Amino acid sequence: MALIILLGFIVIPLIPLLHRWLGNQIGWVVSLLPFGLTLYFASYLGQISRTDKVLMATYEWVPSLGVNLSFRMDGLSLIFALTISGIGTLVFLYAGGYLKGDPNLGKFYVYLTFFMASMLGLVLANDILLLFVFWELTSIASYLLISYYHSEEASREAGKTALIVTGSGGLAMLAGLILLSIVTQTSTISDMFGQADAIQAHHLYIAILVLISLGAFAKSAQFPFHFWLPEAMEAPAPVSAFLHSATMVKAGIYLLARLHPILGGTAEWHWLITSIGGITMLVGGYLAWQQTDLKRILAYTTVSALGIITFLLGIGTKETIKAALLFFIVHAMYKAALFMVGGAIDHETGTRDIRGLGGLRSVMPITALGAALPALSMAGIPPLLGFFGKEVIYEGTQHADWAGLLTFAALLGNLFNVTAAGMVAIRPFWGELKATPHHAHEAPWMMWLGAVVLGIVSLGLGMVASAVLPLLQQGVEAVYGHEVGELHLGYAINLSLLLSLITLTGGIILYYGLEKLRPLVAPYDLGKRLGVAKGYHALMNGILKVANWEGRLIRHTHMRYYLLVIMGTLVITMGYVLISQARLGIDVKIGEIRFYEGVLALIIMIAAVAVTVAQSRLAAVTALGVVGFGVAIIFVLFGAPDLAMTQFAIEVLSVILFVLVLYRLPKFRTWKQRPSTTIRDAIFAGGVGLVMTVIVLAVISAPLNSRLTPYFAQASYVEAQGRNVVNVILVDFRGFDTMGEITVLAIAAIGVFGLLRLHEGKPLQRKIYRGFPSMILQTAIRYLVPILLLFSIFLLLRGHQEPGGGFVGGLVAAAAFALYGIAYDVAAARQALRVRPILVIASGLALAVASGLFSIPNNKTYMTSMWYDRNLPALGHVGTPFFFDVGVYLVVLGVMLLIIFNLAEQEETA
Amino acid sequence: MEVLLAIVIGVLYATGVYMILRRSLVKLILGLVLLGHATNLFIFTVGRLTHAAPPIMAEGEKVLLPPYSDPLPQALILTAIVIGFGVQAFAIVLLKRAYQTVKTDDFDTITVAH
Amino acid sequence: MNTLLVLPILVPFITAILCLFAWGHVVLQRWLSVTGTASLLVVGLMLLHTVNREGIQAIQIGSWAAPFGITVVVDLFSAIMVSITGLMGLLVVVYSLGSIDFERQRFGYYPLFCTLLMGVSGAFITGDLFNLYVWFEVLLISSFVLMALGGERRQLAGAIQYVVMNLISSSIFLAALGIVYSVTGTLNMADLALQIQQVQQPGIVTILAIMFLVAFGIKAAIFPLFFWLPASYDTPPIAVTAIFAALLTKVGVYALVRVFTLIFVQEMDGLREVMLASAALTMLVGVFGAASEYEFRRVLSFHIVSQIGYMLMGLALFTPLALAGTIYFLLHNILAKTNLFLISGVAQHLLGSYELKKMGGLYKSYPILGVLFLIPAFSLAGIPPLSGFWGKLLLVRAGLEIEQYLLVGVSLFVSIWTTYSMLKLWSEAFLKDSPQTDRPAQGLRQVGITLLLPIMILSLLTVLMGILAEPVVALTQRTASQLMNPSDYIQAVLKG
């Protein structure tokens, strides 16, 4: 069964190919698919209607979430499946005529097939989440089909509206379905049937009911969501006939019917569903009556009909359920037929305005027949099936509670139907032939066949009404949830018949009074007064206004305010914790402060403040340098020589970099800022500072947890062969960090290189840098360079035992080449280096990576140090961490030279 | 001394934050550098200060004898300093390029889209 | 086996080094980076296979026992993330072959791309908090350079904001690391999970949790820390934006998930409300921002923010199902969002603009491109049975189970507006007629296979991940249960 249901999805890829081969002939070939499906479903008619059999098929899909490809065919499903495939066959054929010559016909059939497959899945699914999957797919198909004429803005917008409205409902429904599955611990529909009482007693019942109903209402165009359906009439006629009257819009009704045994029968169900259905029925009918566009009349009568069915399901007695299902069948047939007729008229005459149509029966006789039969059914005239459709409605409402009110409401709804039937089937065909944009003539057979067939079937079924009874019986029992006893359909003289007669007469009077009444009621135009569509668009626009406001705010707000927001977030949250949590336990003694430490701290603070108030770049950079050196001295004072050495070196480099780069920048500009801005920033800044100070105090009040340190003290020499523990950590214990660190340096240098050499996507030429050529300097440098290089190697070698190491060594070596460049020129320095700085970097990185690889053949983890077990002259005890440090040295050398050389040789663009 | 350093750290953070809230790109960079110093000093201070010897063994010893300062925060800060320098160097050149291309060092002009 | 665990770092690193040696030989670099990223994908899948079969794997770099050295540890979450990094690296590198201009290629695009992947993979597999900082810096500096490389005006403006935000994030992270070491004496994440419970001052732990939330939150672009993302993501070449969209914010999400499931589990009680609120607002501001935009890439950029909200939602809900939702969403989003960026690049290639007002007619001229777009677009909107639907289902169900109705409501509302945005893109760029009448439609073929192939693969994966959701859902659920029971992780790290 699953394969048959999914067959549509499988053949989709073939359709574009078919279109390429067959061109316009594709229509009847593709129609074989729904036709075959109709036969398939019809073959189960006997089994299901006579033997109470329910066909099930389940395949695992996403068992982790309890979602299965579970299908179930019972009376209700079969009624829907037959309607879908049967009307589908006729619509597929019809589309071949209607869209003949359209280059996108292939796409159209893809969408249509996609829809049909999804819709069949929907009505056959036995898993609420699977049902939801198909539910959404039908919405997507509907969107694609409504926006089929996508060059037209109206089509695109109508599609969007339909998808947003049904999609919103769908999401509410999803929440409802998930709640339902949480309550029932299953997502299989047939497993829920037994749990109705538990569900209805659950505190989430109302939420579930309302959420699921929202989805059903939106999909089935119930008030106040009904407005998307008339807008959807932008779609080609076959789409309106198939999706927007016969099948897709009935999905909501199907869902309500399907879940009736689970959720139905309560007062809440009754009130919610009946009242919404009733309102929809009346609003739809009233609005239909005011239209002059054929398709819009049909659309609003569809809304009304959907309202009637919902209304009947809401009442929920066996009579009304029977009425609902029968009316569903009746409506699907006549409405699809009338939409096809409407499309044919539009196609042949070029207009759909009933005021401009008349007398077409002489030129389009077969189409006229195709219109007449369904219209008679719609008006409920015997012996068409529509007569019974109306009879059972009255029968149902008479036997319900509040019978008078409900019957009267039904009567009103039906009345409009009679009028509308006249508007679409009499107006265009009778009377005098009117001139139309196209010269009207009979439509091709593909376009009248559907309407005629449906009309004849309505007639035939009306004559032998008992033929539908067995299937109807099964359908009603599936919805009602219990045995309902034998159903009957037949002529009888009773109140229902009287009501039918009143309906008919009233409808005819209304039809003839149409032209006179319309202007009278125009001022009370409900369509505009209710303005639900307007409300929807206003809501969307309102939300969009908020969105646009946000968008503008984000686009036009200076980044500084974002920084403020981030700082604010941090200060407020942390400040809140600091204040609210008295358990920070700050407990610090001021302790002794040595005099020079106090002075140093003071100098740093003054310099930091000086940076903020400095009026020139040079002053600011100098003050910043003081801060940096001050920090370095703190490192010296507290036993961190390696740190201090690095900090000094970096500080020197930073100052040089600043001077080199900022040299050509404009003077410090100070923008006039309101004092309030300055004060605000100062408060924020002060807040951050204060919070950080308090945190430091809080943290140092806690006992120090130095679990790792004794291990490093023990293992550094014994296991890692180094006396300088910091260096050992850097190249061995945590060498992995250092590998990342030198990578950062390398990338930064490549980035600087790229920035300096690529401008607006185009490469810049190198400028020749002359340096400061002077004999004395050159001579001095000539001696200095080798000494510096030797010193750098000395630093590198001793790093593992004494302060020093690859990083500082590399910096010194770079300084040597840089000096050389200053004394001669950069070209000469490049020559002295012999290889490009990038290759130096690459070699350094390669060496660093490779030094870690030695351990792998020895079956040790990456970067496990390996030592050569004898002392080498000059190098001493050699191991892989040494090579790693050489890698660091090379990377630092290459990085510095790449930056310095290119900065010196940069071409100025400003 | 820790208390004093805590205050120094607070001042460095405050001045750093104040500077990155200015309109001038140059000041922004200076602010970031100040924040970098603040963070390094922060780690150093919460890693506990001692006037103890550097964590380097004397010649001939096989284990590090207390008192010594904790080597791990030092190694971490060293890594952070170097990384910070790399990023900072890039940022400085980026700033220069931005100034040359956009012809302004007004942070507000540069950062408002379109 | 032992070595396999470091390969996610070494493979892209060595590739990058080889590319540096091949400086000036662009063709060689192209081959190297394609091979390198493909190898990373293979490594990721091998890790996934191993972890799936044998449980969490850990090695101690340099053989220094935890917590003294640095641990590399791969659980399912890490392995999944490394695999997807390899996949996205490979696809975007292929896309770059045909879309990145020659000058950028000449000035180090490929090695930078590889170091970016190195940093990302490193962040996913490290078991050490400071080492995580280092890999973050590697990926950040790579992304800085990639963002600025080329030196176009808009690029530089975007890069400055991006750099500044990340520097602030890094300094918060670094300060937090200082506190971590001071109060627990360790940096090893597994060890930290145990030690953090011994800390006598709960206030400090809360402060730490907030600092990590903010530091990683900036990278993940959550509310109210997201502003840098829409300001900068539309400035570099589209391949760069695509790989950023694929991986960078996701590293932030990964880090948040990691520290809050492993280390700050206790703090979740206090921060939960904050996270829930942030998740809701992240979703909303992102989707509203997208609704207001009429530039293809900017619409997509705002959606990154919005989708991060969903991921945060799963973390904030903090149930196994919700966490599975976060991980599923992460994967789905990487595939779909990257794909959309890549498609926007093709659209720009064909129409010469990213401005929706100047675009149009793509569906008529290139129907296949239309289908390739609809798949990730509808997936992002959560339309079943595409991948996004299952992510949404997991999160919504998780939220409803623990009665977070408001948040679920917001997430569904945002889902509608995501649909709205996707329809806007579809309607404007694909459906409406092209306003540029003078630009004749060319064949899709001239776009080139290097651009189309990655898109096709991603669309196919999005469909497969939806239709054959079971293995992925089951995997994310196992991953989530691993995360919710950190004892296995801790034991794997500290056992030897």
P(r) for segment C:329-480, please, calculated from all Cα pair distances in 10 Å bins and given in %.
11, 37, 30, 15, 6, 1
Shape verdict for segment A:166-251, please, from the Cα gyration tensor: rounded (a/c under 1.5), prolate (a/b greater than b/c) or oblate.
prolate
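When A:Arg50, C:Arg106 are ordered from fewest to most other Cβ atoms inside 10 Å of their Cβ, what list results?
In increasing order of surrounding Cβ atoms, one gets A:Arg50, C:Arg106.
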Say each of A:Leu495 and C:Leu453 gets a label point 7 Å from the Cα, pointing the same way as Cα to Cβ; how far apart are those two points in nm?
7.7
Across A:Lys100/A:Lys434; C:Lys337/C:Lys432; C:Lys358/C:Lys392; C:Lys219/C:Lys364, pairs whose alpha-carbon gap is larger than 29 Å
C:Lys358/C:Lys392; C:Lys219/C:Lys364
Value in Å of the Kirkwood radius, where segment C:71-131 supplies the Cα pairs that are averaged
12.7
How much of the DSSP beta bridge set in the protein assembly as shown is antiparallel, as a percent to the nearest 5?
95
Given 5 Å bins starting at zero, what is the percent of C-alpha pairs of segment A:429-490 in each, up to the one with the largest pair distance?
4, 13, 13, 13, 12, 11, 9, 7, 7, 7, 3, 1
Work out the mean other chain Cβ neighbour count within 10 Å for the residues of A:367-379 and drop it here as an integer.
0
Measure nothing but the geometry: give the 0 to 90° angle between the long axis through the Cα atoms of C:469-484 and the longest principal axis through the Cα atoms of chain C, rounded to 10°.
30
Once you average over the residues of A:58-68, how many Cβ atoms of partner chains fall within 10 Å of each Cβ?
5
Along each principal axis, Cα extent of segment C:405-496, largest first, Å:
69, 40, 24
Kindly state, as a whole number, the per residue volume in cubic angstrom of the convex hull around the alpha carbon atoms of segment A:592-659.
65
Chain A - Kirkwood radius from inverse mean 1/r over Cα pairs (Å)
34.9
Whole-number D in µm² s⁻¹ for segment C:244-335, Kirkwood Cα-pair radius fed into Stokes-Einstein, 37 °C, 0.692 mPa s:
245
Where q = 0.07, 0.12 Å⁻¹, what log10 of I(q)/I(0) comes from the Debye formula for chain C, counting one point per Cα?
-0.34, -1.04
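Sort the following peptides by mean Cβ neighbour count (other Cβ atoms within 10 Å, averaged over residues), highest first: A:612-623, C:32-43.
On the way: A:612-623: 16.6, C:32-43: 22.0.
In decreasing order of mean packing, A:612-623, C:32-43 become C:32-43, A:612-623.
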Compactness check, segment A:739-799: C-alpha Rg relative to the 2.2 N^0.38 Å globular estimate gives 1.68
For A:Lys672, give me every one of the lysines with a C-alpha distance below 21 angstrom, ignoring sequence neighbours fewer than eight places off in its own chain.
B:Lys27, B:Lys103
Please report, to two decimal places, log10 I(q)/I(0) for segment C:327-402 at q = 0.18, 0.26 Å⁻¹ as given by the Debye formula with identical point scatterers on the Cα atoms and no solvent.
-0.74, -1.13
Semi-axes, largest first, in whole Å: what does sqrt of 5 times each Cα gyration tensor eigenvalue give for segment C:146-249?
34, 12, 11
Set of lysines near A:Lys390 by C-alpha distance (under 29 Å), chain-local residues within fewer than 8 positions excluded
A:Lys219, A:Lys250, A:Lys295, A:Lys318, A:Lys322, A:Lys335, A:Lys516
In Hz, Karplus ³J(HN,Hα) per residue of segment A:890-901 (6.51, -1.76, 1.60; θ = phi - 60°; x = Gly, Pro):
5, 4, 4, 4, x, 4, 5, 5, 4, 5, 5, 4
Do the sum for the protein assembly as shown: with -39,500 (n - 2.57) for every DSSP H run of n ≥ 4, divided by all residues, what is the mean residue ellipticity at 222 nm, to the nearest 500 deg cm²/dmol?
-24000 deg cm²/dmol
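Above 24 Å lies some portion of the pair distances; for segment A:48-153, what is it as a whole percent of all C-alpha pairs?
The proportion of pairs with Cα distances above 24 Å equals 36 percent.
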Whole-number value, in Å³ per residue, for the convex hull of the alpha carbons of segment A:786-905 is 105
Debye calculation, C-alpha points only, no solvent: report log10 I(q)/I(0) for chain B at q = 0.09, 0.11, 0.18 Å⁻¹, in the same order as the q values.
-0.38, -0.52, -0.95
Quick calc, chain C, dipole around Cα centre from Cβ unit charges on Lys, Arg (+) and Asp, Glu (-), nearest 20 debye, gives 920
Sequence-separation-based contact order of chain A, relative, with Cα cut under 8 Å and 6+ spacing, percent:
8
Stick to Cα atoms and the Kirkwood definition of Rh, then tell me Rg/Rh for the protein assembly as shown.
1.06
For the residue pair C:Asn52 and C:Val274, what label-to-label distance in nm results when each label sits 7 Å from Cα along the Cα-to-beta-carbon direction?
3.8
Set the Förster distance to 22 Å, then compute FRET efficiency between A:Lys767 and C:Phe102 from the Cβ-Cβ distance, nearest 0.05.
0.45
Computed P(r) (all Cα pairs; segment C:1-68; 5 Å bins; percent)
4, 16, 21, 17, 15, 12, 8, 5, 2
Listed by chain and number, the lysines with an alpha carbon less than 20 angstrom from that of A:Lys860, same-chain partners under 8 positions apart left out, are C:Lys495
What ³J(HN,Hα) values, in whole Hz, does the Karplus curve 6.51 cos²θ - 1.76 cosθ + 1.60 give for segment A:394-411 when θ = phi - 60°, with x put for Gly and Pro?
5, 4, x, 5, 5, 9, 8, 5, 6, 3, x, 4, 4, 5, 4, 4, 4, 4
Take every residue in peptide B:51-61, count the Cβ atoms of other chains within 10 Å of its Cβ, and give the average of those counts.
6
From the backbone phi of segment A:291-297, what are the Karplus-calculated ³J(HN,Hα) couplings (6.51 cos²θ - 1.76 cosθ + 1.60, θ = phi - 60°) in whole Hz, Gly and Pro given as x?
8, 10, 8, 3, 5, 6, 4
Stokes-Einstein at 10 °C, 1.306 mPa s, Kirkwood radius from Cα pairs: D for segment C:126-170 in µm² s⁻¹?
142
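None of the figures in this text is laboratory data; all of them are computed from the coordinates on show. If you're wondering where the values come from, they're calculated on a predicted model, not measured in any experiment. Virtual Cβ from ideal backbone geometry, glycine too; neighbours counted across all protein chains shown.
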